[in-house]
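So the structure is just underneath, and the comments pick up after that.
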Amino acid sequence: MSITSVLDGIASYFGGEYDPVTRTYRSSPVPGIGVVRRGIPTDDKTADYVNGLPAGARTGCVLLVAIPRQHERRVALGGEHSGMKLIVYDVLLRAFLRSNTPYAEEAQDDAYALRDALVAYMRRDRTLGGCVVQAGEHVTEAAGDGIDVEYSQPATKAGLTKGYFEVRFAAVEYIEA
């Protein structure tokens, strides 16, 4: 499988069906996600954060999926010149949040709830819909320590709270090589 196929598969798993007009995935099965993207948009549409969310949702998210790094090595199956190669993709889910809550603490609670929903959805299918052999599992001592999350401190300005968190995990595939 190509890296583009893996990236599309992961974005589709978290974002639903691809919309070629907007270049986004707009029917996320994960509560709280409005749109999933594979690239940073040229214009940040506020409506994307709450796309498909229940009316009156106080916090929405645009999720950006990226693979900034990959590593491959031969697996000792089939000898030195044939067999399998292990490819480990370092996957980042960057969650950009917008909230109209009156307090940043409430927006942070929404971020934690979204993180819980994302991880629970990952646990439902470690193949992320069949696009990889496994994701979010410990791979080797050198890479892939499960699921790692880093949060920013939300900030409120002019009635809008912005927040961010990042989920990092390894996704694995094996290829004949």
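The values are calculated or read from the model by the stated rules, or taken from the named source; none is laboratory data. Being a predicted model, the structure only gives us computed values, none of them experimental. Backbone-built Cβ (ideal geometry, glycine too); neighbour counts: all protein chains shown. Remember, those area values only see protein heavy atoms, side chains included, never the ligands or the DNA or RNA. Shrake-Rupley method; radii C 1.70, N 1.55, O 1.52, S 1.80 Å.
Set side by side, the residues Arg126, Arg168, Arg115 differ, and just one is out of contact with any Ser or Thr (no Cβ under 9 Å at 6 or more places or on another chain), part of a loop (DSSP other than H, G, I, E, B), at pLDDT 90 or above and among the charged types (D, E, K, R), which is Arg126.
For Pro54, the stated conditions do not hold, so it cannot be described as exposed (fewer than 14 other Cβ atoms within 10 Å of the Cβ) and within 13 Å of the chain's Cα centre (by Cα). Reported count of residues in segment 1-40, each being among the aromatic types (Phe, Trp, Tyr) and in contact (Cβ under 8 Å) with a residue 24 or more places away in the chain, is 2.
With the structure loaded, tell me whether Leu86 is under 20 Å from Glu150 (Cβ atoms), aliphatic (A, V, I, L, M) and either in a loop (DSSP other than H, G, I, E, B) or in contact (Cβ under 8 Å) with a residue 24 or more places away in the chain (or both) or whether it fails that test. No: the conditions fail for Leu86. One residue stands out among those in segment 40-51 that are surrounded by 11 or more Cβ atoms within 10 Å (Cβ to Cβ) and part of a loop (DSSP other than H, G, I, E, B): the one that is modelled with the highest pLDDT, which is Asn51.
Can you tell me which residues in segment 19-39 are farther than 30 Å from Lys85 by Cβ and either open to solvent by 70 Å² or more (accessible area, probe 1.4 Å) or assigned to a loop (DSSP other than H, G, I, E, B) (or both)?
Of the residues in segment 19-39, the ones farther than 30 Å from Lys85 by Cβ are 19-24, 26-35.
The answer is Pro20, Val21, Thr22, Arg23, Arg26, Ser27, Ser28, Pro29, Val30, Pro31, Gly32.
Evaluating Leu160 against the criteria (1) among the aliphatic types (A, V, I, L, M); (2) at pLDDT 95 or above; (3) surrounded by fewer than 17 Cβ atoms within 10 Å (Cβ to Cβ) leaves one unmet condition, (2).
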